[in-house]
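Note sheet for the following structure.
None of the figures in this text is laboratory data; all of them are computed from the coordinates on show. Please read all numbers here as calculations on a predicted model, not as lab measurements. Here the Cβ positions follow ideal geometry from the backbone for every residue, glycine too, while neighbour counts run over all protein chains shown.
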Amino acid sequence: MKKIFVTGSCGLIGSEVCTFFGRRGFEVHGLDNNQRAKFFGSRGDTIWNRNLIFEQVKGYQHYDMDIRQRECLLDLVKNIQPSLVVHAAGQPSHDLAAKIPFDDFDTNAVGTMNLLEACRGGSPEAPFIFLSTNKVYGSKPNTIRMKELETRWDYDDPYYEHGVAEEMSIDQSTHSLFGASKVAADIMVQEYGKYFGMPTCCLRGGCLTGAGHSGVELHGFLSYLVRTIMEEVPYHIYGYKGKQVRDNIHSEDVAEFMECFFQSPRCGEVYNMGGGKENSCSVLEAIQIVESLTGKKHVGDLLESSRTGDHICYYSDLRKAQRHFPEWKITRSLSNIFQELVEGWNSRLQ
């Protein structure tokens with residue numbers, strides 16, 4: 001039987017991957033010690049998601065382990081001998097990273113190194129998929145010529161008509177400490193592919209979203225926005241007049257891409273993974289959509305200061321991913337995503 005090993009298995013992407021591959025007959029092994037609750041408090045707790053996985057995935061095997069536990073991880077991968085590894089564990093907030101720099105780097109960079117070595121020793125032929133981030137590009141996207149529209153910023157350079165592609169430099173820019181720790185992990189995942197010939201890839205995510213997200217202020221833009229409007233509590237907008245743009249991709253579309261990579265793996269690849277221009281929206285546009293769906297009004301401030309290293313406008317150029325895997329495409333529209341988020345929070349908040 002094919003086996004999948006998923007780190008961060010109770011988070012948004014991890015839980016989606018567990019259920020997705022469980023439906024496809026994989027034996028599912030998940031590692032998650034609910035570190036999100038330690039990073040973000042009770043609102044970041046993912047125990048509810050772990051319980052859902054046990055309900056939905058027959059034979060699911062869970063390991064309450066930290067990816068910083070090197071020797072335990074080495075032994076675990078050797079014992080499981082997975083056919084596919086999805087590394088979705090990490091410290092995901094660029095604001096929080098500055099307050100906990102050692103935890104951030106040890107989790108994101110050293111934890112990834114631990115898992116790569118565990119796989120090289122225990123299952124080197126298994127495709128290794130790393131959930132990286134578009135923050136590896138740092139503030140470089142902000143150097144693209146832009147235009148200000150009524151409700152959003154957009155690129156004003158025809159070269160970026162389709163968004164940011166993988167050849168954008170990651171050097172000489174401000175990343176936040178989170179972005180820097182993810183760069184270290186991203187480069188190491190590429191290197192294990194190029195140097196050791198392991199089938200590895202980095203998915204440089206835009207706004208990854210879905211009803212499985214435990215959205216908090218420091219991480220989980222759309223999920224947190226929907227929650228605050230439904231609870232009628234403040235959602236603070238940081239800079240850029242609220243016109244900053246993100247592209248949004250449903251977690252199931254990410255899992256679909258992973259299946260494509262599993263079937264036709266490559267060594268040391270990188271792919272930008274977001275919703276693309278069609279699934280992009282600004283904070284102001286997102287607020288308008290949620291207000292129309294819920295009948296409730298956004299409460300909060302528009303602050304002049306922006307987050308350090310934050311992107312003014314970012315959407316992914318998906319052409320490389322679609323060229324390498326022509327069978328893959330975005331299946332969940334922006335309207336589908338918003339509707340699911342509203343329905344998901346409605347059921348959880350009752």
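Ordered from longest to shortest, the equivalent ellipsoid semi-axes for the chain are 30, 23, 19 Å, each the square root of 5 times a Cα gyration tensor eigenvalue. When each full DSSP H helix of the chain is screened for a Cα extent of at least 18 Å along its own axis and an average Kyte-Doolittle hydropathy of at least 0.0, the helices passing are 176-196, 251-263. Here segment 3-349 carries DSSP beta bridges of which approximately 20% are antiparallel, counting only pairs with both residues inside.
Pairs of Cα atoms in segment 79-186 fall into 10 Å distance bins, from 0 up to the last occupied one, in shares of 14, 34, 29, 18, 5, 1 percent. Arranged from fewest to most other beta-carbon atoms within 10 Å of their beta carbon, VAL57, VAL342, VAL86 become VAL342, VAL57, VAL86. Neighbour counting of Cβ atoms within 10 Å sorts the residues SER264, SER306, SER123, fewest neighbours leading, into SER264, SER306, SER123. For the pair segment 72-109 and segment 112-152, the centres of their Cα atoms are 14 angstrom apart.
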